[in-house]
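Notes follow the structure.
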Amino acid sequence: MNRYRMIAFVLGVGLILAAATMVAHHSVAAEFDTSKKITFTGTVKQVDWGSPHIYIHVETKNPDGKAMVYKVEGGAPNPLYRSGVRKEALKLGTIVTCTNCSPSKSPTSPNVNGRLTTQDGRSFLAAPAENN
């Protein structure tokens, strides 16, 4: 009987861990308003290269002239690295454009999701928001 209890316990813990992993990840549509698109150009102020997503902080000016820092969300570091994207490739102070960015559904969040390109046309984030 103890053997069956141990098997049930291990299976139960495995199911709980699997469920926690599924709940932890979010879809693009869950966090971002994909029906609204914005485009902006600004200067890279910070690059956060960590799990589960990388973030590039881009400072730009709002139409009223005030500074705004958007956090452009990228994919997970490991797949980006494997596809050739390197943190060192995007220097602080680089001017970038975020096109077709979906803003966060939260009105107070500076997070956006979209395609990030440098002035010379190089794409930094490997995939547009629809594919993340």
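The values are calculated or read from the model by the stated rules, or taken from the named source; none is laboratory data. None of the values given here were measured: they were computed from a predicted structure. So basically every Cβ, Gly included, is an ideal-geometry build from the backbone, and we count neighbours across all protein chains shown.
Residue by residue, here is whether (1) surrounded by 13 or more Cβ atoms within 10 Å (Cβ to Cβ); (2) touching a residue at least 24 places away in the same chain (Cβ under 8 Å); (3) in contact with a helix residue (DSSP H, G or I) (Cβ under 9 Å, 6 or more places away or on another chain) holds:
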site	(1), (2), (3)
H57	yes, no, no
K61	no, no, no
G65	no, no, no
E73	yes, yes, yes
T94	yes, yes, no
T99	yes, yes, no
N111	yes, yes, yes
L116	yes, yes, no
G121	no, no, no
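Residues in the stretch 114-132 that are part of a strand (DSSP E or B) and modelled with pLDDT under 85: how many?
3
Among the numbered criteria (1) in a strand (DSSP E or B); (2) on the phi > 0 side of the Ramachandran plot, which single criterion is violated by G65?
(1)
Residue-wise test of (1) in contact with a Pro (Cβ under 7 Å, 6 or more places away or on another chain); (2) over 18 Å from F32 (Cβ atoms).
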residue	(1), (2)
V58	no, no
A76	yes, no
G84	no, yes
K91	no, yes
S109	no, no
L116	no, no
D120	no, yes
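Being surrounded by 13 or more Cβ atoms within 10 Å (Cβ to Cβ) and out of contact with any strand residue (DSSP E or B) (no Cβ under 8 Å at 6 or more places or on another chain) is the filter; apply it to the stretch 80-92 and report the residue that is nearest to V44 (Cα to Cα).
Looking at residues that are surrounded by 13 or more Cβ atoms within 10 Å (Cβ to Cβ) and out of contact with any strand residue (DSSP E or B) (no Cβ under 8 Å at 6 or more places or on another chain), I get V85.
Among (1) under 11 Å from C98 (Cβ atoms); (2) touching a residue at least 24 places away in the same chain (Cβ under 8 Å), there is one condition L80 misses while meeting the rest; what is its number?
Result: L80 passes all but (1).
What number of residues within the stretch 31-56 satisfy the criterion of being in a loop (DSSP other than H, G, I, E, B) and closer than 18 Å to P107 by Cα?
Matching residues across the stretch 31-56 total 5.
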